Amino acid sequence: MTNVAEQEDAQIRVLVVDDHVILRQGIREMLNKEHDFKVIGEAEDEKVALSLNMELKPDIVLVDMTLDHSSGMDIAKRLLRCSPTTRIVLFAGANDEKLLFEAVRIGVHGYLQKTLSIDDLQRALRAVHCGERVLGESQAVTQIVIEFHRLAREQNRLNWGLNSTEIELVKLAAQGWTNREIGKQLFWSEVQVKRKMQDVYRKLQVTDRAQAVAEAMRHGLI
């Protein structure tokens, strides 16, 4: 029989970022009615969002695009930079193609319209939690945009001269893995990892791991 602790571990932990109290409370109540969701925090601006994200480590951060004193896109960029493993979903009032492609470019995991039904929103968040990227209401549009992003990222990788292994190294570095941990994962010695990271630094024109991760994220390489 499943105990309470196991049920809580299985829940999708969500941080909601919106400057309207009523909307935050509505999303909280709507998601918390489902056994597999738990809203663990609410933020009304960028400062609180970044602080709660670091403190609570949610699975998903749902960010309103149109905040009064902050840009939802800017908040998403900062969250992706400081917490690469957290899934970021933008919640938009209108289907703006320019914003959609910008969201894809920076690497968000979801771009959803507020016209979604409650059931569709829940399904979309579940899909994001399972590793899918959900962009808009149309599955066809989602696949086209994802393919566009994949091709653009591949071209970007070629432009920087990075191979797939080097990209994987930067991804692991972004997750906080040490050279020793990366070596165990890839069956390399720690010295090999260090040498390959030096190749990455040279190609990205940086001098250390933090700069490499930041540069790779800025150019959409990871």
I need the Debye-formula profile for the range 1-114: one equal scatterer per C-alpha, no solvent, reported as log10 I(q)/I(0) at q = 0.11 1/Å, two decimals.
-0.34
Can you tell which of D19, D59, D96 shows the greatest fluctuation in a Gaussian network model of the chain with Cα springs below 10 Å?
D96
Residue by residue, what Karplus-based ³J(HN,Hα) values in Hz, rounded to whole numbers, does the range 17-30 have, using 6.51, -1.76 and 1.60 with θ = phi - 60° and x for Gly and Pro?
10, 7, 8, 9, 4, 4, 5, 4, 5, x, 5, 4, 5, 5
When the chain is treated as a Gaussian network with springs between alpha carbons less than 10 Å apart, the largest mean-square fluctuation among Q192, Q25, Q122 is found at Q192
Net charge, W177 excluded, C-beta distance under 11 Å - Lys, Arg +1, Asp, Glu -1
+2
If you line up the long axis of helix 190-204 against the longest principal axis of the chain, both from Cα atoms, how many degrees apart are they, to the nearest 10?
80
Using a 1.4 angstrom probe, figure out how much accessible area the chain has per residue, in square angstrom, rounded to the nearest whole.
55
Note: E181 to K33 extended length (0.36 nm per residue) minus current alpha-carbon separation gives 49.3 nm
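In whole percent, how big is the carbon plus sulfur part of the accessible area of the range 1-124, probe 1.4 Å, protein atoms only?
Carbon and sulfur atoms account for 50 percent of the accessible area of the range 1-124.
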At R0 = 25 Å the Cβ-Cβ FRET efficiency linking T85 and E190, nearest 0.05, sits at 0.60
Quick one: check the C-alpha center-to-center distance for the range 39-115 versus the range 189-222, whole angstrom.
26
Within the range 32-76: Cβ-based charge dipole about Cα centre, in debye rounded to nearest 20 (Lys, Arg +1; Asp, Glu -1)
180
Could you work out the pair-distance distribution P(r) of the chain from its alpha-carbon pairs, with 5 angstrom bin width and percents rounded to whole numbers?
1, 7, 14, 17, 17, 15, 12, 9, 5, 2, 0
Extension reserve of the I118-E55 stretch, reckoned as 0.36 nm per residue once the Cα distance is removed
19.9 nm
Lysines within cross-link reach of K184: Cα-Cα under 18 Å, excluding same-chain residues under 8 positions apart?
K171, K194, K196
Ranking request for peptides 193-203, 125-135: highest mean number of other beta-carbon atoms within 10 Å first, then the rest in descending order.
125-135, 193-203
Of all beta bridges DSSP finds with both residues in the chain, what is the antiparallel percent, to the nearest 5?
5
If you place +1 on the Cβ of every Lys and Arg, -1 on the Cβ of every Asp and Glu, and leave all else neutral, what size is the dipole of the chain about its Cα centre, to the nearest 20 Debye?
1100
Output the relative contact order of the chain, whole-number percent, from Cα pairs under 8 angstrom with separation of 6+ residues.
13
Dipole-positive endmost among Q122, L100, L186 within the chain (Cβ charges, Cα centre)
L186
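The values are calculated or read from the model by the stated rules, or taken from the named source; none is laboratory data. What you see is a predicted model, and the numbers here were worked out from it, not measured in a lab. Neighbour counts are summed over all protein chains in view; Cβ atoms, including those assigned to glycine, are modelled from backbone coordinates with ideal geometry. In case anyone asks, the SASA skips ligands and DNA or RNA and just uses the protein heavy atoms, side chains included. Shrake-Rupley method; radii C 1.70, N 1.55, O 1.52, S 1.80 Å.
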